[in-house]
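Peer 1: The structure that follows is given in the form of C-alpha cells.
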Ligand SMILES: *Cc1c(COP(=O)(O)O)cnc(C)c1O
C-alpha cells in the first residue's frame, strides 16, 4: 500500500465499531474484567490488551498503530507531548554512567533536559557538529549508549547524514534516536538506520494548533518493550480527546503537508531574491548546504523554514516588521493550518560544539494554508516596515 493510502487505513477497525469509520473516543480509566482469572491472565502480558486507562484504550492503540504506519514500520507509544517523547526515550535508553552524543542543533528543550536532568543523574552529554557524518566514530566511547539526531535541526535547519551516523553508532554499540518532527511522513527512519523515531505530533499530525501530543516509534518489538516499560514506569498517559485529534489530523496529513511545502518553497524562493535577506534556511532550496542530503533521504518537505537577514538591522525595525504582519502571527509551535513567525536570534540559538554567527537577525517562518499571494504581500509589506525602521 502506498503512503497516502496507509494514512487512510491505518489504525481503523470499522467492523468492531458498528461500521463507524473512525475509532470511538474511549473515556476510560477503569476497565472491568469478567473474572479474577481474566485479571490474572491480563497481568501476564501487561502492555497488551485493554486493562487500565493508563496502559491504553482502543483509541490509544489505534493512534499508535497509525503512527507506526506514518513512520514506516515498528511499534509506537503515545505520550502527552513532543518533549515527553524526547525525555521518555532518553530515560528509557540511558542510565547513570552512560554517555550521550547530542546534535548541537537540537531543539532547545532537548538540550536543557540533557544539561539539567541527565547531568544530575550522572549521564554525560557531548554535543557534536550536525555536519559530522561518519566522523561521529571519533566521539564514540565504550559507554556511549545513544546518538541523538535531528535533521534538519531546530531553528538553523542543518541537515545530517543519518545513515553514516547510524552506521558508526551501531558499530560502537549505541542506539540512534531521531527527532523526526520536521520529516513527519517524508523521512522513513528505519530505512535509514534509526532505532527510535519520535515526533511532536502537536505540530503536523494534530495539524490544527489545538492539542499537545507526542509519539515514540521503535524499530522492533524488543526495543519497544524496553521503552514502553520505562514510559509505563513514569506514568505517562494521554487523554482521549488528544488521541482522537491526532487520529483525525493523520487522515489529512499527506495533502496538508504537500500544500504547506509548496507554499513554503514559493515563499523561500521569493525571500532568497530580497536584498534584505542574507540566507534562507530551507533544505529544499538548491542553494541550501543540506540540499543534496535532503534529496537523497527525504521524499518531501514541510512548511517550516528559517531566514537570516543580510545585516544587523535594529531590533525596533525587525519588531515593527513582525508586529505588523497580518498572516504571520507571533506564536511558538508550528504545523497548524495557519502561518506563524518568531524571531530566533540572541539567546534562542545555543551552540557549544560549533559556531552560529549569522550576519543579521534570524527568524523562523511557518507557511500555513492561506493563499500564497496573500502571504507574499504580507512579507512584502513587512520589508517596507523594516526599511523604514
Ligand atoms: C515543538 C517541538 C518539540 C516539542 O513538542 P511539544 O509537543 O511542544 O512538547 C520537539 N521537537 C521539535 C523539533 C519541535 O519543534
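Peer 1: With 91, 102 as the choices, which residue is within 16 Å of the ligand (Cβ to nearest atom), under 23 Å from the mean Cα position of the chain (by Cα) and without any contact (Cβ under 8 Å) to a residue 60 or more places away in the chain? Spell out how you get there, then give the answer.
Peer 2: Working: 91 fails: without any contact (Cβ under 8 Å) to a residue 60 or more places away in the chain.
Exactly one residue qualifies, and that residue is 102.
Peer 1: If you check every pair at least six apart or on different chains, which have Cβ atoms under 7 Å apart with a residue in the stretch 22-44 that is at positive phi first and a residue that is outside any loop (DSSP other than H, G, I, E, B) and surrounded by 10 or more Cβ atoms within 10 Å (Cβ to Cβ) second?
Peer 2: none
Peer 1: Based on what the data block shows, is residue 49 over 30 Å from residue 152 (Cβ atoms), assigned to a loop (DSSP other than H, G, I, E, B) and in contact with a helix residue (DSSP H, G or I) (Cβ under 7 Å, 6 or more places away or on another chain)? Reasoning before the result, please.
Peer 2: On the way: over 30 Å from residue 152 (Cβ atoms): yes; assigned to a loop (DSSP other than H, G, I, E, B): yes; in contact with a helix residue (DSSP H, G or I) (Cβ under 7 Å, 6 or more places away or on another chain): yes.
Against the criterion (over 30 Å from residue 152 (Cβ atoms), assigned to a loop (DSSP other than H, G, I, E, B) and in contact with a helix residue (DSSP H, G or I) (Cβ under 7 Å, 6 or more places away or on another chain)), residue 49 qualifies.
Peer 1: Here is a follow-up. Return the residues of the stretch 98-143 that are closer than 12 Å to residue 353 by Cα and part of a strand (DSSP E or B); say none if nothing qualifies.
Peer 2: 101, 102, 103, 125, 126, 127, 128
Peer 1: Any idea which residue in the stretch 175-228 is farthest from the ligand (Cβ to nearest atom), counting only those that are outside the structural domain of residue 74 (by TED's automatic domain parsing) and at positive phi?
Peer 2: Ranking the qualifying residues of the stretch 175-228, first place goes to 193.
Peer 1: Taking the options 245, 257, 250, name whichever one is out of contact with any strand residue (DSSP E or B) (no Cβ under 6 Å at 6 or more places or on another chain), part of a helix (DSSP H, G or I) and within 14 Å of the ligand (Cβ to nearest atom). Quick ask: steps written out before the conclusion?
Peer 2: On the way: 257 fails: within 14 Å of the ligand (Cβ to nearest atom); 250 fails: within 14 Å of the ligand (Cβ to nearest atom).
None of the others qualify; the one that does is 245.
Peer 1: Restricting attention to the stretch 367-378, report how many residues are in contact (Cβ under 8 Å) with a residue 24 or more places away in the chain and either out of contact with any helix residue (DSSP H, G or I) (no Cβ under 7 Å at 6 or more places or on another chain) or part of a loop (DSSP other than H, G, I, E, B) (or both).
Peer 2: Here is the first cut: in the stretch 367-378, the ones in contact (Cβ under 8 Å) with a residue 24 or more places away in the chain are 367-370, 372, 374-376, 378.
So of that shortlist, the ones also either out of contact with any helix residue (DSSP H, G or I) (no Cβ under 7 Å at 6 or more places or on another chain) or part of a loop (DSSP other than H, G, I, E, B) (or both) come out as 367-370, 374, 378.
Count: 6.
Peer 1: Still on this structure, please answer the following. So which of 64, 40 is assigned to a helix (DSSP H, G or I) and surrounded by 19 or more Cβ atoms within 10 Å (Cβ to Cβ)? Break it down into steps so the answer makes sense when it comes.
Peer 2: Values: 40 fails: surrounded by 19 or more Cβ atoms within 10 Å (Cβ to Cβ).
Matching residue, one of 64, 40: 64.
Peer 1: Listed residues 82, 73, 97; which is within 9 Å of the ligand (Cβ to nearest atom) and touching a residue at least 24 places away in the same chain (Cβ under 8 Å)?
Peer 2: Working: 73 fails: within 9 Å of the ligand (Cβ to nearest atom); 97 fails: within 9 Å of the ligand (Cβ to nearest atom).
Just a single option satisfies the conditions, and that option is 82.
Peer 1: Somewhere in the stretch 271-280, is a residue away from the ligand (no atom under 14 Å from the Cβ) and assigned to a helix (DSSP H, G or I)?
Peer 2: Within the stretch 271-280, the subset away from the ligand (no atom under 14 Å from the Cβ) is 271-280.
So of that shortlist, the ones also assigned to a helix (DSSP H, G or I) come out as 271-272.
Looking for residues that are away from the ligand (no atom under 14 Å from the Cβ) and assigned to a helix (DSSP H, G or I), one finds at least one in the stretch 271-280, hence yes.
Peer 1: Let me ask you something else. Please go through the stretch 287-322 and pick out each residue that is touching a helix residue (DSSP H, G or I) at 6+ places or on another chain (Cβ under 8 Å) and more than 13 Å from residue 183 (Cα to Cα).
Peer 2: 287, 288, 307, 309, 313, 317, 318, 320, 321, 322
Peer 1: Another one. Please go through the stretch 305-338 and give me each residue that is within 19 Å of the chain's Cα centre (by Cα) and closer than 20 Å to residue 131 by Cα, ordered by number. Outline the logic, then answer.
Peer 2: Start the filter on the stretch 305-338 by keeping residues that are within 19 Å of the chain's Cα centre (by Cα), which leaves 305-306, 331-338.
Matches in the stretch 305-338: 305, 306.
Peer 1: A further question on this structure: Quickly run through the stretch 211-237 and pick out the residues that are in contact (Cβ under 8 Å) with a residue 40 or more places away in the chain and more than 23 Å from residue 94 (Cβ to Cβ).
Peer 2: First, pick out the residues of the stretch 211-237 that are in contact (Cβ under 8 Å) with a residue 40 or more places away in the chain: 212-221, 223-232, 234-237.
Within the stretch 211-237, 212, 213 qualify.
The values are calculated or read from the model by the stated rules, or taken from the named source; none is laboratory data. Bear in mind the structure is a predicted one, so any value in this text is a computation, not a measurement. Positions of Cβ are generated from backbone atoms using ideal geometry, with glycine treated the same way; all protein chains shown enter the neighbour counts.
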